[in-house]
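All remarks here apply to the structure that follows.
The values are calculated or read from the model by the stated rules, or taken from the named source; none is laboratory data. None of these values were measured; they are calculated from a predicted model. Please note: Cβ atoms are built from the backbone with ideal geometry, for glycine as well, and neighbour counts cover all protein chains shown.
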Amino acid sequence: MVETPRVSIILPHLNEPDLLTCLRSLDRQRADGIPFEILVVDNGSTVLPEGTVSLVPGARLLSQPIPGPGPARNLGAEEAKGDLLLFIDADCIAMPGWLSRIVNYFDEHPDVDVVGGDIRIQPAKASDLTAVEAYESVYSYRARNYVERCGFAATGNMAVRADVFRKVGPFGGIGTMEDTAWGQRATALGHRIAFVEGACVKTPSCRSFAELAKRWDRHVAHEFGSIDKSRLGTARWLAKSAVMALSPLGEIPTILRSNRLETGRERRLCFTCLAQVRLYRAQRMAGLVWRDNAASMVDLWNREKR
(Lines give C-alpha, C1' and ligand atoms only; values in the text may rest on other atoms or scores of the structure.)
Protein backbone atom coordinates (compact mmCIF):
# COMPACT_ATOMS: atom_id res chain seq x y z
CA MET A 1 0.00 0.00 0.00
CA VAL A 2 1.43 3.38 -1.06
CA GLU A 3 1.59 5.88 1.79
CA THR A 4 -0.22 9.15 1.11
CA PRO A 5 2.33 11.99 1.20
CA ARG A 6 1.79 14.61 3.85
CA VAL A 7 4.13 17.00 2.07
CA SER A 8 4.59 17.90 -1.60
CA ILE A 9 7.99 19.36 -2.51
CA ILE A 10 7.75 21.41 -5.72
CA LEU A 11 10.67 22.66 -7.79
CA PRO A 12 10.70 24.34 -11.22
CA HIS A 13 13.40 23.16 -13.58
CA LEU A 14 15.08 24.63 -16.65
CA ASN A 15 18.33 23.17 -17.97
CA GLU A 16 19.68 22.83 -14.43
CA PRO A 17 22.88 20.73 -14.24
CA ASP A 18 22.67 20.41 -10.43
CA LEU A 19 19.19 18.87 -10.36
CA LEU A 20 20.39 15.46 -9.16
CA THR A 21 22.30 17.04 -6.26
CA CYS A 22 19.11 18.82 -5.21
CA LEU A 23 16.98 15.68 -5.53
CA ARG A 24 19.43 13.60 -3.51
CA SER A 25 19.40 16.20 -0.73
CA LEU A 26 15.61 15.95 -0.70
CA ASP A 27 15.69 12.16 -0.68
CA ARG A 28 17.87 12.25 2.44
CA GLN A 29 15.05 14.06 4.26
CA ARG A 30 13.22 10.69 4.40
CA ALA A 31 15.42 9.79 7.37
CA ASP A 32 13.06 11.90 9.51
CA GLY A 33 10.10 9.63 8.75
CA ILE A 34 7.75 12.20 7.17
CA PRO A 35 6.09 10.94 3.96
CA PHE A 36 6.52 13.28 1.00
CA GLU A 37 6.49 13.45 -2.79
CA ILE A 38 8.75 15.44 -5.10
CA LEU A 39 7.30 17.23 -8.13
CA VAL A 40 9.85 18.42 -10.68
CA VAL A 41 8.17 20.78 -13.13
CA ASP A 42 10.18 21.25 -16.30
CA ASN A 43 9.75 24.64 -17.95
CA GLY A 44 11.13 24.08 -21.44
CA SER A 45 14.52 22.40 -21.03
CA THR A 46 16.48 21.39 -24.11
CA VAL A 47 16.33 17.81 -22.82
CA LEU A 48 13.72 16.63 -20.32
CA PRO A 49 15.43 15.34 -17.13
CA GLU A 50 13.52 12.03 -17.18
CA GLY A 51 16.56 9.92 -16.36
CA THR A 52 17.62 12.13 -13.48
CA VAL A 53 14.16 12.24 -11.90
CA SER A 54 13.76 8.46 -12.24
CA LEU A 55 16.81 7.94 -10.00
CA VAL A 56 15.01 9.33 -6.94
CA PRO A 57 12.10 7.37 -5.43
CA GLY A 58 8.90 9.35 -5.02
CA ALA A 59 9.85 11.98 -7.60
CA ARG A 60 7.57 12.82 -10.53
CA LEU A 61 8.30 14.85 -13.64
CA LEU A 62 5.73 17.31 -14.98
CA SER A 63 6.01 19.71 -17.91
CA GLN A 64 4.79 23.32 -18.01
CA PRO A 65 5.16 24.97 -21.45
CA ILE A 66 4.16 28.43 -20.15
CA PRO A 67 7.47 30.17 -19.44
CA GLY A 68 8.38 31.28 -15.94
CA PRO A 69 9.00 29.71 -12.53
CA GLY A 70 5.62 30.95 -11.29
CA PRO A 71 3.56 28.94 -13.81
CA ALA A 72 5.83 25.93 -13.18
CA ARG A 73 5.18 26.10 -9.44
CA ASN A 74 1.46 26.56 -10.06
CA LEU A 75 1.29 23.31 -12.03
CA GLY A 76 3.13 21.52 -9.25
CA ALA A 77 0.64 22.89 -6.71
CA GLU A 78 -2.28 21.71 -8.86
CA GLU A 79 -0.88 18.17 -9.01
CA ALA A 80 0.27 18.03 -5.38
CA LYS A 81 -1.26 15.50 -3.00
CA GLY A 82 0.19 16.82 0.25
CA ASP A 83 -1.42 19.08 2.83
CA LEU A 84 1.77 21.15 2.91
CA LEU A 85 3.47 22.58 -0.18
CA LEU A 86 7.22 23.14 0.10
CA PHE A 87 8.96 25.13 -2.64
CA ILE A 88 12.66 24.91 -3.41
CA ASP A 89 14.79 25.73 -6.46
CA ALA A 90 16.43 23.06 -8.58
CA ASP A 91 19.96 24.31 -7.82
CA CYS A 92 19.45 24.32 -4.04
CA ILE A 93 20.63 21.76 -1.48
CA ALA A 94 18.29 21.06 1.42
CA MET A 95 20.26 20.83 4.66
CA PRO A 96 19.60 18.00 7.16
CA GLY A 97 16.36 18.54 9.06
CA TRP A 98 15.01 21.05 6.53
CA LEU A 99 11.71 19.31 5.95
CA SER A 100 11.13 18.15 9.54
CA ARG A 101 11.74 21.62 10.98
CA ILE A 102 9.17 23.12 8.63
CA VAL A 103 6.58 20.41 9.30
CA ASN A 104 7.13 20.61 13.07
CA TYR A 105 6.79 24.39 12.99
CA PHE A 106 3.43 24.14 11.24
CA ASP A 107 2.29 21.52 13.76
CA GLU A 108 3.33 23.68 16.71
CA HIS A 109 1.93 26.93 15.25
CA PRO A 110 -1.53 26.25 13.79
CA ASP A 111 -2.07 30.00 13.38
CA VAL A 112 0.80 30.24 10.85
CA ASP A 113 -0.07 29.65 7.19
CA VAL A 114 3.18 30.44 5.36
CA VAL A 115 6.81 30.01 6.38
CA GLY A 116 10.13 30.98 4.89
CA GLY A 117 13.43 29.31 5.72
CA ASP A 118 17.04 30.43 5.62
CA ILE A 119 18.97 30.55 2.34
CA ARG A 120 22.78 30.46 2.41
CA ILE A 121 25.46 30.51 -0.26
CA GLN A 122 27.32 27.28 -1.04
CA PRO A 123 30.77 28.60 -2.11
CA ALA A 124 32.90 26.71 -4.59
CA LYS A 125 35.73 26.79 -2.01
CA ALA A 126 34.62 27.52 1.54
CA SER A 127 38.08 28.73 2.52
CA ASP A 128 38.52 31.07 -0.45
CA LEU A 129 35.39 33.12 -1.23
CA THR A 130 35.28 35.14 -4.43
CA ALA A 131 34.08 38.76 -4.33
CA VAL A 132 30.69 37.72 -5.75
CA GLU A 133 30.34 34.92 -3.17
CA ALA A 134 31.23 37.29 -0.33
CA TYR A 135 28.67 39.83 -1.57
CA GLU A 136 25.93 37.23 -2.06
CA SER A 137 26.57 35.72 1.37
CA VAL A 138 25.43 39.00 2.93
CA TYR A 139 23.08 40.61 0.42
CA SER A 140 21.49 38.17 -2.01
CA TYR A 141 19.33 36.03 0.28
CA ARG A 142 18.16 38.05 3.28
CA ALA A 143 15.40 35.57 3.94
CA ARG A 144 14.54 36.75 7.46
CA ASN A 145 14.13 40.33 6.24
CA TYR A 146 11.89 39.18 3.41
CA VAL A 147 9.55 37.48 5.88
CA GLU A 148 9.63 39.84 8.84
CA ARG A 149 9.91 43.21 7.09
CA CYS A 150 8.51 42.69 3.59
CA GLY A 151 5.77 40.11 4.16
CA PHE A 152 6.88 37.40 1.73
CA ALA A 153 9.12 34.34 1.58
CA ALA A 154 11.53 33.62 -1.26
CA THR A 155 10.33 30.59 -3.21
CA GLY A 156 13.78 29.03 -3.02
CA ASN A 157 12.76 28.06 0.53
CA MET A 158 9.05 28.60 1.18
CA ALA A 159 6.21 26.49 2.53
CA VAL A 160 2.45 27.01 2.70
CA ARG A 161 -0.58 25.05 3.75
CA ALA A 162 -2.16 23.66 0.56
CA ASP A 163 -5.64 24.99 1.37
CA VAL A 164 -4.20 28.46 1.97
CA PHE A 165 -2.39 28.39 -1.38
CA ARG A 166 -5.69 27.67 -3.09
CA LYS A 167 -7.37 30.56 -1.24
CA VAL A 168 -4.65 33.05 -2.12
CA GLY A 169 -4.44 31.91 -5.73
CA PRO A 170 -1.55 31.09 -8.08
CA PHE A 171 1.82 32.73 -8.53
CA GLY A 172 2.11 35.38 -11.23
CA GLY A 173 3.75 34.86 -14.61
CA ILE A 174 7.18 35.68 -15.91
CA GLY A 175 6.42 39.40 -15.93
CA THR A 176 6.16 39.55 -12.12
CA MET A 177 8.33 39.01 -9.07
CA GLU A 178 6.09 36.09 -8.27
CA ASP A 179 7.21 35.27 -4.74
CA THR A 180 7.05 38.89 -3.57
CA ALA A 181 3.62 39.49 -5.10
CA TRP A 182 2.17 36.20 -3.86
CA GLY A 183 3.47 36.58 -0.31
CA GLN A 184 2.27 40.15 0.06
CA ARG A 185 -1.13 39.16 -1.32
CA ALA A 186 -1.32 36.37 1.24
CA THR A 187 -0.42 38.61 4.17
CA ALA A 188 -2.85 41.30 2.95
CA LEU A 189 -5.58 38.65 3.17
CA GLY A 190 -4.67 38.07 6.81
CA HIS A 191 -2.56 34.93 6.50
CA ARG A 192 0.27 34.87 9.01
CA ILE A 193 3.85 34.32 7.82
CA ALA A 194 6.85 33.29 9.93
CA PHE A 195 10.58 32.68 9.53
CA VAL A 196 12.02 29.27 10.50
CA GLU A 197 15.75 29.81 10.94
CA GLY A 198 16.80 26.16 11.25
CA ALA A 199 15.12 25.19 7.97
CA CYS A 200 18.07 25.96 5.72
CA VAL A 201 18.91 25.43 2.06
CA LYS A 202 22.14 26.33 0.30
CA THR A 203 22.49 27.57 -3.24
CA PRO A 204 25.48 28.20 -5.51
CA SER A 205 26.55 31.79 -5.95
CA CYS A 206 26.60 33.53 -9.30
CA ARG A 207 29.82 32.61 -11.06
CA SER A 208 30.65 36.12 -12.26
CA PHE A 209 29.64 39.74 -11.94
CA ALA A 210 28.00 39.53 -15.39
CA GLU A 211 25.72 36.73 -14.15
CA LEU A 212 24.90 38.73 -11.02
CA ALA A 213 24.12 41.79 -13.16
CA LYS A 214 21.56 39.82 -15.20
CA ARG A 215 19.72 38.99 -11.99
CA TRP A 216 19.61 42.66 -11.02
CA ASP A 217 18.39 43.63 -14.50
CA ARG A 218 15.18 41.73 -13.84
CA HIS A 219 14.69 43.28 -10.38
CA VAL A 220 15.31 46.82 -11.64
CA ALA A 221 12.97 46.32 -14.59
CA HIS A 222 10.16 45.02 -12.36
CA GLU A 223 10.53 47.97 -10.03
CA PHE A 224 10.58 50.47 -12.89
CA GLY A 225 7.43 48.92 -14.32
CA SER A 226 5.51 49.75 -11.14
CA ILE A 227 6.47 53.42 -10.74
CA ASP A 228 4.43 56.48 -11.67
CA LYS A 229 5.77 57.66 -15.05
CA SER A 230 4.74 61.29 -14.49
CA ARG A 231 7.42 63.98 -14.28
CA LEU A 232 7.32 63.83 -10.48
CA GLY A 233 7.46 60.03 -10.45
CA THR A 234 10.36 60.03 -12.89
CA ALA A 235 12.20 62.63 -10.83
CA ARG A 236 11.79 60.49 -7.73
CA TRP A 237 13.12 57.46 -9.62
CA LEU A 238 16.19 59.39 -10.76
CA ALA A 239 16.77 60.65 -7.21
CA LYS A 240 16.55 57.07 -6.00
CA SER A 241 19.16 56.04 -8.55
CA ALA A 242 21.50 58.75 -7.22
CA VAL A 243 21.01 57.51 -3.65
CA MET A 244 21.69 53.98 -4.89
CA ALA A 245 25.07 55.05 -6.25
CA LEU A 246 26.06 56.57 -2.90
CA SER A 247 24.59 53.84 -0.68
CA PRO A 248 27.61 51.49 -0.33
CA LEU A 249 29.20 53.76 2.29
CA GLY A 250 26.16 53.30 4.54
CA GLU A 251 26.53 49.52 4.32
CA ILE A 252 29.98 49.37 5.91
CA PRO A 253 28.59 48.66 9.44
CA THR A 254 26.42 45.84 8.05
CA ILE A 255 29.43 44.21 6.39
CA LEU A 256 31.58 44.58 9.50
CA ARG A 257 28.91 43.03 11.74
CA SER A 258 27.88 40.20 9.43
CA ASN A 259 28.33 36.69 10.82
CA ARG A 260 28.35 35.30 7.28
CA LEU A 261 31.87 36.60 6.65
CA GLU A 262 34.89 35.51 8.67
CA THR A 263 37.94 37.45 7.59
CA GLY A 264 38.94 41.00 6.78
CA ARG A 265 39.68 39.89 3.23
CA GLU A 266 36.12 38.57 2.79
CA ARG A 267 34.68 41.84 4.11
CA ARG A 268 36.82 43.88 1.71
CA LEU A 269 35.73 41.69 -1.19
CA CYS A 270 32.11 42.05 -0.14
CA PHE A 271 32.31 45.84 -0.06
CA THR A 272 34.08 46.00 -3.43
CA CYS A 273 31.42 43.89 -5.11
CA LEU A 274 28.62 45.76 -3.32
CA ALA A 275 29.91 49.09 -4.65
CA GLN A 276 30.10 47.64 -8.15
CA VAL A 277 26.56 46.25 -7.91
CA ARG A 278 25.04 49.47 -6.57
CA LEU A 279 26.73 51.58 -9.27
CA TYR A 280 25.49 49.16 -11.92
CA ARG A 281 21.95 49.31 -10.55
CA ALA A 282 22.06 53.12 -10.48
CA GLN A 283 23.16 53.23 -14.11
CA ARG A 284 20.43 50.80 -15.18
CA MET A 285 17.80 52.75 -13.27
CA ALA A 286 18.78 56.00 -14.94
CA GLY A 287 19.07 54.31 -18.32
CA LEU A 288 15.47 53.07 -18.19
CA VAL A 289 14.25 56.66 -18.02
CA TRP A 290 15.85 57.48 -21.35
CA ARG A 291 15.22 54.12 -22.97
CA ASP A 292 12.40 52.09 -21.45
CA ASN A 293 13.33 48.51 -22.37
CA ALA A 294 12.08 47.06 -19.07
CA ALA A 295 9.93 44.42 -20.77
CA SER A 296 12.90 42.85 -22.54
CA MET A 297 14.89 42.89 -19.27
CA VAL A 298 12.12 41.04 -17.42
CA ASP A 299 11.79 38.11 -19.83
CA LEU A 300 14.93 36.28 -18.68
CA TRP A 301 13.82 32.97 -17.10
CA ASN A 302 13.56 31.00 -20.32
CA ARG A 303 16.32 32.80 -22.22
CA GLU A 304 19.28 33.05 -19.85
CA LYS A 305 19.27 29.31 -19.08
CA ARG A 306 19.28 28.08 -22.64
Among (1) closer than 27 Å to Y280 by Cβ; (2) in contact (Cβ under 8 Å) with a residue 60 or more places away in the chain; (3) in contact with a helix residue (DSSP H, G or I) (Cβ under 6 Å, 6 or more places away or on another chain); (4) aromatic (F, W, Y) - the single one F195 does not satisfy
(1)
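So how many residues does the range 252-281 have that are touching a residue at least 24 places away in the same chain (Cβ under 8 Å) and either more than 27 Å from the chain's Cα centre (by Cα) or in a helix (DSSP H, G or I) (or both)? Give the steps one after another, and end with the answer.
Step one: filter the range 252-281 for residues touching a residue at least 24 places away in the same chain (Cβ under 8 Å), giving 254-255, 258, 260-261, 266-267, 269-270, 272-281.
Those still in the list that are either more than 27 Å from the chain's Cα centre (by Cα) or in a helix (DSSP H, G or I) (or both) too: 254-255, 266-267, 269-270, 272-281.
Qualifying residue count, the range 252-281: 16.
Residues in the range 126-133: is at least one farther than 30 Å from G264 by Cα and in the same structural domain as G156 (by TED's automatic domain parsing)? Please lay out each step first, then the result.
First, pick out the residues of the range 126-133 that are farther than 30 Å from G264 by Cα: none.
Within the range 126-133, not a single residue is farther than 30 Å from G264 by Cα and in the same structural domain as G156 (by TED's automatic domain parsing).
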Residue list for the range 61-82, restricted to those being over 16 Å from S8 (Cβ atoms) and either touching a Gly at 6+ places or on another chain (Cβ under 6 Å) or surrounded by 21 or more Cβ atoms within 10 Å (Cβ to Cβ) (or both):
G68, P69, G70, P71
Could you tell me which of the residues V220, V201, V243 is among the aliphatic types (A, V, I, L, M) and not in a helix (DSSP H, G or I)?
V201
Subset of the range 222-278 that is small (G, A, S) and surrounded by 12 or more Cβ atoms within 10 Å (Cβ to Cβ) - its residue that is nearest to C206 (Cα to Cα)
A275
Which condition does Y135 not pass, out of (1) of a type in the set (S, T, Y); (2) surrounded by fewer than 19 Cβ atoms within 10 Å (Cβ to Cβ); (3) modelled with pLDDT of 95 or more, if it passes all the others?
(2)
I'm checking my understanding of the structure. Among residues of the range 202-236 that are in contact with a Leu (Cβ under 8 Å, 6 or more places away or on another chain) and of a type outside the set (D, E, K, R), which one is farthest from D89 (Cα to Cα)?
F224
